[in-house]
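These notes concern the structure reproduced below.
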Amino acid sequence: MQGTKKMIIKNNKVIILLSAVLTFLVLLFITSIVNTDRPHKKNTVESALLNPKYNLSRIQIQYQDSGFLELINTGSFWGAKTPMPEKNVEKYLDKDPVTDYYFIADQKTVTDFIELSQSITQLNKIADSNSLKNNPEKSFANYGLDEKHAAVISYYDTENNCVSKIYFGALNQTLDQIFIRTDKQLAVYSMDSKIADFLDLRIDFWTDKNMIPEVILNHSNFNQLQNCTYGFSSILSASMPEMKNSGKKFYDKFPSLRFSKFADNYSFFNLYPDSLLIRVSDGNGTHYTIGISKTTTDDGDCYVYGLHITPSIVFSEQEKNFIKNLNCHYYMSEWTYNSIVKLLLEE
């Protein structure tokens with residue numbers, strides 16, 4: 001009996017020892033996996049993608065296969081442009097074809113993007129020139145950093161010099177990092193993946209979604225309107241409608257309404273049958289022409305909204321030149337359309 005008890009105790013000790021060894025080996029294995037992706041501290045540097053000392057004139061985000069989007073500093077606000085699909089390219093008699101979409105950017109989105117680019121962050125060196133020099137492009141492809149697949153952000157100063165050009169590749173989901181490289185150094189780094197949110201070419205991501213962009217309203221005088229008229233075109237004809245004076249509540253509440261998303265399949269600025277046309281001249285002499293047409297999408301009936309602005313002298317020449325190019329259409333809900341009509345009719 002005594003011998004059996006000792007044997008059980010001995011076996012228990014062996015089991016405990018084996019469990020401890022097994023636990024140690026599992027932890028060692030997990031650590032080795034993590035360390036494969038996580039660089040040693042000696043391979044980390046703290047830096048920013050963009051030196052804050054530079055005043056920017058434009059920023060370009062580009063994918064080789066998908067085109068580009070360019071943010072443009074007009075002086076007091078940021079606008080943007082992106083190539084128009086060939087089917088939507090507009091041609092006018094005796095004029096060059098319009099090949100790009102122009103729109104006012106959401107100023108907070110652009111500011112957040114620039115501030116993130118200028119913030120100091122930890123860069124972890126993943127590969128250096130010794131491992132990349134034999135076939136850099138093939139080696140970059142392992143990280144999604146080759147010319148064909150990378151997203152490229154180029155920052156330009158007021159002299160139109162490219163002051164920083166960064167390639168962004170694949171995401172490391174394990175560590176929530178993104179692989180990056182520059183055009184000047186043969187090395188691959190990883191950094192926090194927050195910047196990936198801004199590697200977006202969609203107009204919907206960057207545009208100001210107010211009916212009249214906030215930066216335009218800042219230069220407007222809707223308290224002293226010169227005139228505000230509206231009219232509905234005939235269902236059978238797209239001829240110019242008879243214009244009537246709007247109700248006073250229109251210009252108090254209209255600027256606070258918002259559209260839903262960019263409408264890609266509309267050439268600017270056609271007045272379709274059964275459309276609403278609104279013309280506004282504010283106290284500063286800026287003229288707004290607004291067209292709203294009913295349409296049908298996969299999601300059902302909705303409305304398409306277009307805005308053309310003839311800016312007054314309160315805008316700089318650079319701002320005027322950009323504003324005159326605005327040519328995007330946007331979808332709006334039936335509720336928003338009915339709200340606009342109600343505002344026009346109310347006294």
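The values are calculated or read from the model by the stated rules, or taken from the named source; none is laboratory data. Since the structure is predicted, the reported quantities are computational estimates derived from the model, not experimental observations. Cβ: placed from backbone, ideal geometry, glycine included. Neighbour counts: every protein chain shown. The accessibility values were calculated without ligands, DNA or RNA, using every heavy atom of the protein model including side chains. Shrake-Rupley method; radii C 1.70, N 1.55, O 1.52, S 1.80 Å.
How are the C-alpha pair distances of the stretch 114-243 spread across 5 Å bins, as whole percents from the shortest bin up?
Bin by bin from 0 Å, the calculated values are 2, 8, 13, 14, 13, 10, 7, 5, 5, 6, 7, 5, 3, 2, 0.
Run the 1.4 Å probe and let me know the accessible area of residue 70, rounded to the nearest 10 Å².
Using a 1.4 Å probe on the heavy atoms, I get roughly 20 Å².
Given a 1.4 Å probe, how much area per residue of the stretch 46-131 is accessible, in Å²?
It amounts to 54 Å² per residue over the stretch 46-131.
Would you mind calculating the gained length between residue 279 and residue 318 on full extension (0.36 nm times residue separation, minus the Cα-Cα distance), in nm to one decimal?
Difference between extended and current length: 11.6 nm.
Roughly to the nearest percent, how much of the accessible area of the stretch 107-266 is carbon and sulfur, given a 1.4 Å probe?
Carbon plus sulfur share of accessible area: 45 percent.
If ligands, DNA and RNA are left out, what is the accessible area of residue 158 with a 1.4 Å probe, given in Å² to the nearest 10?
Its heavy atoms expose roughly 90 Å² to the probe.
FRET efficiency for residue 133 and residue 158, Cβ-Cβ distance as r, R0 = 45 Å, nearest 0.05?
Efficiency at R0 = 45 Å is approximately 0.80.
Stretch residue 48-residue 265 to full length: gain in nm at 0.36 nm per residue minus the Cα-Cα span?
Length gained, residue 48 through residue 265: 74.2 nm.
For 335, 206, give me the order by solvent-accessible area with a 1.4 Å probe, most accessible first, ignoring ligands, DNA and RNA.
From most exposed to least exposed: 335, 206.
Got a sec? What order do 133, 261 fall in by accessible area at 1.4 Å, biggest, i.e. largest, first?
Largest accessible area first, the residues go 133, 261.
At a probe radius of 1.4 Å, what is the per-residue accessible area of residue 242, in Å² to the nearest 10?
For residue 242, solvent-accessible area is about 150 Å².
Sorted by accessible area with a 1.4 angstrom probe, largest first, how do 330, 54, 156 fall?
54, 156, 330
How much length, in nm to one decimal, is gained on full extension between residue 171 and residue 64, taken as 0.36 nm per residue of separation minus their Cα-Cα distance?
In short, 36.7 nm is gained.
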